[in-house]
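Here's the structure we're looking at; comments come further down.
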Amino acid sequence: DGTYMTRQAASSFGVGVGSVRMEFFNAKAGTVTDLYLPGVDLTGKSATLMFDHAYAQYTTENDHLQAQVSTNCGVSWITVFDKQGSALATSTATTSAFTPTTTQWVNNAGISLAPYAGQSQVLIRFRATSAYGNNLFLDKINVTITTGVNEKENDVNLSVFPNPFNDQTTIKFN
């Protein structure tokens, strides 16, 4: 939104050139900021959500991060990731504005989007709610889509003779 969510030079694990910063350090308690991903078509597909985050509490605040999914154009949302406060923290608390080092990131991989397979318009958002704590960073947000291939069962007709085997055995298969 340009006020409490901005692009920053800090990057996940030192890879990349930037990340998204939720400025809980400057946002009053109760401020909600959303980051929306482009819609995803999961018709006939399965998917997983992955992202990295870094966060330090100011002292004991419960700043909150949720990843949510909607299949009805944002009328309702289902939470697939939900952490706050010390459960969200990737570093010790600090009373100065937090900017992560390369070792202060956590990878959140394998968040299943399987319940939404078959939906043609899946929306994903990150909802950050300030408790007037410290900054939260997101990076390497990725939706991995898996498509299936139908397996064809092999119908093999196998013959081995003579039975039992000897030095002259024949194997025939169709």
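The values are calculated or read from the model by the stated rules, or taken from the named source; none is laboratory data. Since this is a predicted model, take the numbers as computed values, not measurements. Cβ sites come from the backbone with ideal geometry, for glycine too, and all protein chains shown count toward neighbours. When the accessible area is computed, the model is the full protein with side chains, heavy atoms only, and any ligands, DNA or RNA have been set aside. Shrake-Rupley method; radii C 1.70, N 1.55, O 1.52, S 1.80 Å.
Here are a few things to note about the model shown:
- Number of the condition not met by Gln104 [criteria: (1) open to solvent by 70 Å² or more (accessible area, probe 1.4 Å); (2) on the phi < 0 side of the Ramachandran plot]: (1)
- Residue in segment 32-44 that is within 16 Å of Gly110 (Cα to Cα) and of a type in the set (D, E, K, R) present: no
- Hits in segment 20-64 (condition: polar (S, T, N, Q) and over 15 Å from the mean Cα position of the chain (by Cα)): Asn26, Thr31, Thr33, Thr43, Gln57, Thr59, Thr60, Asn62
- Some residue of segment 75-90 being in contact with a Ser or Thr (Cβ under 7 Å, 6 or more places away or on another chain), part of a loop (DSSP other than H, G, I, E, B) and touching a residue at least 60 places away in the same chain (Cβ under 8 Å): no
- Any hit, segment 33-56, residues being open to solvent by less than 60 Å² (accessible area, probe 1.4 Å), of a type in the set (Gly, Ala, Ser) and at positive phi: no
- Restricting segment 54-72 to residues that are out of contact with any helix residue (DSSP H, G or I) (no Cβ under 9 Å at 6 or more places or on another chain) and outside any strand (DSSP E or B) leaves a set whose member that is farthest from Phe13 (Cα to Cα) is Asn72.
- Segment 82-98, residues that are out of contact with any Phe, Trp or Tyr (no Cβ under 8 Å at 6 or more places or on another chain) and either surrounded by fewer than 17 Cβ atoms within 10 Å (Cβ to Cβ) or under 19 Å from Ala9 (Cβ atoms) (or both): Asp82, Gly85, Ser86, Ala87, Thr92, Ser96
- Among residues of segment 111-120 being under 12 Å from Ser46 (Cβ atoms) and either open to solvent by 60 Å² or more (accessible area, probe 1.4 Å) or hydroxyl-bearing (Ser, Thr, Tyr) (or both), the one that is farthest from the chain's Cα centre (by Cα) is Gln119.
- Being more than 16 Å from Leu113 (Cβ to Cβ), open to solvent by 40 Å² or more (accessible area, probe 1.4 Å) and either of a type in the set (A, V, I, L, M, F, W, C) or within 19 Å of the chain's Cα centre (by Cα) (or both) is true of Gly16.
- Considering Thr79, Thr71, the condition of being at pLDDT 95 or above, loosely packed, with under 11 Cβ neighbours inside 10 Å and within 19 Å of the chain's Cα centre (by Cα) is satisfied by Thr79 alone.
- Segment 128-141, residues that are open to solvent by 30 Å² or more (accessible area, probe 1.4 Å) and within 19 Å of Gln8 (Cβ to Cβ): Lys140, Ile141
- Lone unmet requirement of (1) out of contact with any Lys or Arg (no Cβ under 9 Å at 6 or more places or on another chain); (2) part of a strand (DSSP E or B) for Phe51: (1)
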